[in-house]
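Trainee: Quick one: the structure is below, and I'll ask about it shortly.
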Amino acid sequence: MHKISDYLLTNNNMAHVAIYFLVGLIALFLIFQVLKNLFYRGSNVRGFHFTTKNITYIAMMVAVSTTVTVVISLTLPITVFPPIRIAFEGIMVKIAGMFFGPLVGIIVGLITELITIMFVPSYIHVAYLIVAVGFGFLSGLTSYFQRLTGRKKWWTFLAINLFIIAYGVVLGLITSYYNEDVKLFGVDIAPEYYTYVFIGSIGLSLVLVWVVVGVFLIMKKGYLLDIVLPIILMCVVTEYCVTTLIGSWGDVSFLGIPRDTGGYTSILMVRLLQSPIKIVFNTLVLSTVFYILRPLVKSK
């Protein structure tokens with residue numbers, strides 16, 4: 001376990017492993033889609049089809065996402081920074097994945113990022129392209145989970161809790177076997193405190209999820225949890241699996257942080273500290289956008 005821990009927390013190896021895992025999931029999904037189309041062609045098995053109407057919706061999602069990002073970058077110059085840019089363009093990418101599934105999410109994320117970097121003067125790194133694709137793919141998978149559970153919202157709530165706990169346990173094990181001091185922008189942090197930061201941040205996310213659910217129940221707005229809980233699940237999965245693990249690699253290259261002053265591990269720690277607030281903020285924004293667009297998409 002020591003060797004695994006040392007390997008993952010050295011250079012950008014954890015980001016690379018996360019990318020391999022994400023690419024593997026996408027490959028398995030695409031193989032499944034091809035096999036389904038080959039063996040169930042002409043049957044009543046439902047799936048996404050590239051009809052004229054669906055292609056129009058894909059183009060609309062790409063156009064809206066790109067336009068919003070470009071306009072905001074002209075209004076607020078700070079959005080040229082890749083982490084902020086990818087956060088804005090990720091909104092419609094995630095919505096596209098939730099409405100139309102992983103395949104459309106991948107397409108919208110890929111095209112949106114490629115078009116955006118053509119119009120927004122910003123730092124270009126493959127990590128941000130993978131993050132955009134990951135947003136669309138993972139949000140599509142969470143939409144499949146929503147359809148599978150139907151209106152049984154407490155299954156979704158259980159999935160959120162299990163994911164956060166499992167993520168915290170895995171990350172805690174990795175960091176607990178790391179014996180070297182970690183630098184946070186040049187400041188030495190002992191390994192045991194490094195683990196506490198990871199576990200504390202993830203634990204805070206779990207507490208905030210319970211608080212959000214509790215607020216809806218106290219306000220007697222429990223019916224809105226049918227919308228909010230799947231979006232919380234999507235935000236948690238994309239934040240921890242894509243933004244934190246993979247996005248940190250792009251941030252290290254963008255900021256030019258050398259390994260002797262923290263490198264990937266320092267950015268990873270900062271990302272994890274930001275995660276609880278970002279999950280709540282993204283949930284509020286995406287829930288509002290989803291609530292507004294859902295009647296329009298359902299009327300197609």
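We did not get these values from a lab; they are worked out from the coordinates using the rules stated. Computed from a predicted structure; not experimentally measured. Cβ placement follows ideal geometry from the backbone for every residue including glycine, while neighbour counts extend to all protein chains displayed.
Trainee: What size of dipole, in debye to the nearest 20, comes out for region 68-166 about its Cα centre when the only charges are +1 on Lys and Arg C-beta atoms and -1 on Asp and Glu C-beta atoms? Walk me through the numbers on the way to the answer.
Mentor: Numbers: 6 positive and 2 negative charges, 97 e Å.
Taking the Cα centre of region 68-166 as origin, the dipole is about 460 debye.
Trainee: Also, I was wondering about something else. Considering amide H positions built from the backbone, and no H for Pro or chain starts, which residues 5 or more places from I189, or on another chain, come under 5 Å of its amide H?
Mentor: Here V182, K183, L184 satisfy the definition.
Trainee: In addition: By how many degrees, 0 to 90 and rounded to 10, does the Cα axis of helix 82-100 deviate from the longest principal axis of the chain?
Mentor: Between the helix axis and the principal axis of the chain, the angle is about 40 degrees.
Trainee: Hey, what did the chain get for relative contact order, percent, Cα under 8 Å, at least 6 apart?
Mentor: Once divided by the residue count of the chain, the mean separation gives 21 percent.
Trainee: Can you give me the angle between helix 191-218 and the longest principal axis of the chain, using Cα atoms only, in degrees from 0 to 90, rounded to the nearest 10?
Mentor: Approximately 30 degrees, to the nearest 10.
Trainee: In whole angstrom, and with the biggest value first, how far do the Cα coordinates of the chain range along each principal axis?
Mentor: Between the extreme Cα coordinates on each principal axis of the chain lie 58, 45, 44 Å.
Trainee: Could you work out the relative contact order of region 77-145, using alpha carbon pairs under 8 angstrom and six or more residues apart, expressed as a whole percent?
Mentor: Relative contact order of region 77-145: 46 percent.
Trainee: On a 0 to 90 degree scale, rounded to 10, what angle separates helix 225-238 from the longest Cα axis of the chain?
Mentor: On a 0 to 90 degree scale, this one is about 50.
Trainee: Quick one: 3J(HN,Hα) in Hz for region 25-36, Karplus 6.51/-1.76/1.60 with θ = phi - 60°, rounded, Gly and Pro as x.
Mentor: 4, 5, 4, 4, 5, 5, 4, 4, 5, 5, 5, 5
Trainee: Moving on. Under the classification rounded if a/c is under 1.5, otherwise prolate if a/b is larger than b/c and oblate if not, where does region 200-277 fall, given a ≥ b ≥ c as square roots of the Cα gyration tensor eigenvalues?
Mentor: On the way: a/c = 4.69, a/b = 2.70, b/c = 1.74.
Note, shape of region 200-277 comes out prolate.
Trainee: In addition: May I ask you to list the trypsin sites (Lys or Arg not before Pro) in region 137-175 that are in a DSSP loop and have at most 13 other Cβ atoms within 10 Å of their Cβ?
Mentor: Details: sites: R147, R151, K152, K153; in loops: R151, K152.
Sparse-neighbourhood loop trypsin sites (Lys or Arg not before Pro): R151, K152.
Trainee: Let me ask another. In debye to the nearest 20, how big a dipole does the chain give about its Cα centre with +1 on each Lys and Arg Cβ and -1 on each Asp and Glu Cβ?
Mentor: 1600
Trainee: Name the residue from V228, T52, I26 whose Cα lies farthest towards the positive end of the charge dipole of the chain, charges +1 on Cβ of Lys and Arg and -1 on Cβ of Asp and Glu.
Mentor: Most positive-ward Cα: T52.
Trainee: Classify region 1-120: rounded, prolate or oblate, from the alpha-carbon gyration tensor (a ≥ b ≥ c, eigenvalue square roots; a/c under 1.5 rounded; otherwise prolate if a/b is larger than b/c)? Please report the intermediate quantities before stating the final value.
Mentor: Numbers: a/c = 3.40, a/b = 1.08, b/c = 3.14.
It comes out oblate by the Cα gyration axes.
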